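The values are calculated or read from the model by the stated rules, or taken from the named source; none is laboratory data. Since the model is a prediction, treat every value here as computed from it, not as a measurement. In this analysis, Cβ positions are derived from the backbone assuming ideal geometry, glycine residues included, and neighbour counts consider all displayed protein chains. Accessible surface is based on the protein model in full, side chains and every heavy atom, while ligands, DNA and RNA are left aside. Shrake-Rupley method; radii C 1.70, N 1.55, O 1.52, S 1.80 Å.
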Amino acid sequence: LCTQKPRKVTPQPGEDSLTCPLPPGWQSYMSPQGHRYYVNAFTNGKPHSSSYHLGPAVMKSLTGLFLSVSNSPLASNGYHAPVTPMHQMEPGHMSLRKPSGDPQVGFGEHSEQGCKGLGWFVSPPMTLTINCVTFPHPDTMQEQQLLKPTEWSYCDYFWADKKDPQGNNTVSGFEILLQKQLKGKQMQKEMAEFVRERIKIEEEYAKNLSKLSQNSLAAQEEGTLGEAWAQLKKSLADEAEVHLKFSSKLQSEVEKPLLNFRENFKKDMKKYDHHIADLRKQLASRYTAVEKARKALTERQKDLEMKTQQLEIKLSNKTEEEIKKARRKSTQAGDDLMRCVDLYNQAQSKWFEEMVTSTLELERLEVERVEMIRQHLCQYTQLRHETDMFNQSTIEPVDQLLQKVEPAKDRELWVQEHKTGDIRPVDMEI
């Protein structure tokens, strides 16, 4: 309920709405939002209970007001501006069932027939409805505080629908978030495939290194150089073992976690999609009911006005009774419309709450996915560094032996093994 009470206003010079005196029992009030409306505090000596209608005399006195308002551009682009009903008047105060700050849906076309003398005051358009969702009107909306300021959170920026890239269909903001999630899952899968290719390269490389280490080329090299050459061939076998271990760890610590992370991800996303879609369908159904009730109210209002005109020209003795019947039907139609609007607002509130909860969950899942991938890619680089260290360790013995290669020593050892005699020839004597 509105926390401020309406205040009674008195005629001011030059005000069109009060140039004609109000009939007895009628008073002009100003709502807390600055809108003028009219109340009949007493009818037949009793407190006025509830009515959406003004009497014929008042209709005449206020016709100028409604005509001047009805000619303003209150509906454009298929969107309805809100109209606030006049509610029950209790002794001492006037309560408004729905403050203007709440989401509202327009009640019918704003024409002379729809507004004149029927107990409704017309306010500037406060809302507009797009694809059955009600938003503040851009011309009158107040600045909204973000739910999570400075965070660029999903829950703040995906309320409206947008055209797809082809411009043929409309895509909801939640569907865009789901597409982001599914794309992330696909990227995760492709990263795992990339690592799988890296593993294949490592396995093939290790296999070739092992095969090469068993090659017999230069096996007959001797001395310290021969020892260094043999160690170099052995280092290839050691390096092959290092790369096999690297490929095995890549598979268990990087590829497999990327593939297995959220195995039921698509199924979970479908649950989110169906849940939000169902709420959106309920909202659309409620909106359809509102439009139907609005149309029914407009028809009842037109019927009541027609019978009121017949009473003025006294076309029928039964007109007064018919007016009472028409007034009851019109009042019922107004009540039905208010009920439909309340149900619509409840459906929209439910959708809003689930949207906030679901988008925040999708946001959390995305952060979790990115962090998981980051951690496993860090594991990849760590394994790569370790592989380089192990490879270096296989080369170190080769380096040490190469430092010990001495051609003079190799010559000594070879000569000692292969010498044929150290007695040199001398000249022949006669």
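Taking θ = phi - 60°, what integer Hz values does the Karplus form 6.51 cos²θ - 1.76 cosθ + 1.60 yield along segment 365-379, in sequence order, with x for Gly and Pro?
Result, ordered by residue: 4, 5, 4, 5, 5, 4, 5, 4, 5, 4, 4, 6, 5, 5, 4 Hz.
At 1.4 Å probe size, put Met269, Met191, Met428 in order of accessible surface, largest to smallest.
The residues order as Met428, Met191, Met269, largest area first.
Thr357 accessible area, nearest 10 Å², 1.4 Å probe?
90
Which peptide among 292-299, 359-366 comes first, and what is the full order, when sorted by highest mean count of other Cβ atoms within 10 Å?
Going by the mean number of other Cβ atoms within 10 Å, highest first, we get 292-299, 359-366.
Using a cut-off of 13 Å between alpha-carbon atoms, which aspartates and glutamates can reach Lys183, once sequence neighbours fewer than 8 places away in the same chain are excluded?
Partners within reach: Glu175, Glu366.
Using alpha carbon centroids, what distance separates segment 319-343 and segment 359-381, in Å?
Segment 319-343 and segment 359-381 have Cα centres spaced 58 Å from each other.
Quick one: which residues, 5+ away or cross-chain, put their amide H under 5 Å from the amide H of Met126? H built at 1.01 Å from N.
Amide H neighbours of Met126, under 5 Å, 5+ apart: none.
Quick one: P(r) of segment 370-428 from all Cα-Cα pairs, 10 Å bins, percents rounded to integers, in order of increasing distance.
Cα pair-distance distribution for segment 370-428, in percent: 17, 19, 17, 14, 11, 9, 6, 4, 2, 0.
With charges only on Cβ, +1 for K and R and -1 for D and E, what is the dipole size of segment 284-430 about its Cα centre, in debye, rounded to 20?
Value, rounded to 20: 2440 debye.
Not counting ligands, DNA or RNA, and with a 1.4 Å probe, what is Tyr344's accessible surface area in Å² rounded to the nearest 10?
Approximately 0 Å² of Tyr344 is accessible to the 1.4 Å probe.
Against the globular-protein guess of 2.2 N^0.38 Å, express the Cα radius of gyration of segment 291-402 as a ratio, rounded to two decimals.
Ratio of Rg to 2.2 N^0.38 Å for segment 291-402: 2.93.
Taking the solvent-accessible surface of protein heavy atoms with a 1.4 Å probe, what is the per residue accessible area of segment 137-187 in Å²?
Ligands and nucleic acids excluded, the figure is 72 Å² per residue.
Could you compute how fast segment 278-341 diffuses translationally, taking Rh as the Kirkwood radius over C-alpha pairs and applying Stokes-Einstein at 37 °C with viscosity 0.692 mPa s? Give it in µm² per second.
Calculated translational D: 255 µm²/s.
By per-residue mean of other Cβ atoms within 10 Å, what is the highest-first order of 378-385, 236-243, 146-153?
Highest mean packing first, the order is 236-243, 378-385, 146-153.
Enter the Cα centre distance for the pair segment 189-266 and segment 388-411, rounded to the nearest angstrom.
Each part reduced to its Cα centre gives a spacing of 22 Å.
Ratio of alpha-carbon Rg to the 2.2 N^0.38 Å globular estimate for segment 163-299, to two decimals, please.
Compared with the compact-globule rule of thumb, segment 163-299 sits at 2.16.
Mind putting a number on the dipole of segment 191-306 about its Cα centre? Charges go on the C-beta only, +1 for Lys and Arg and -1 for Asp and Glu, and I need it in Debye to the nearest 20.
Here the size comes out at about 1280 debye.
Which of the aspartates and glutamates could a cross-linker span from Lys325 if the Cα-Cα distance has to be under 13 Å and same-chain partners fewer than 8 positions apart are dropped?
Once the sequence-local aspartates and glutamates are set aside, what remains near Lys325 is Asp303, Glu305.
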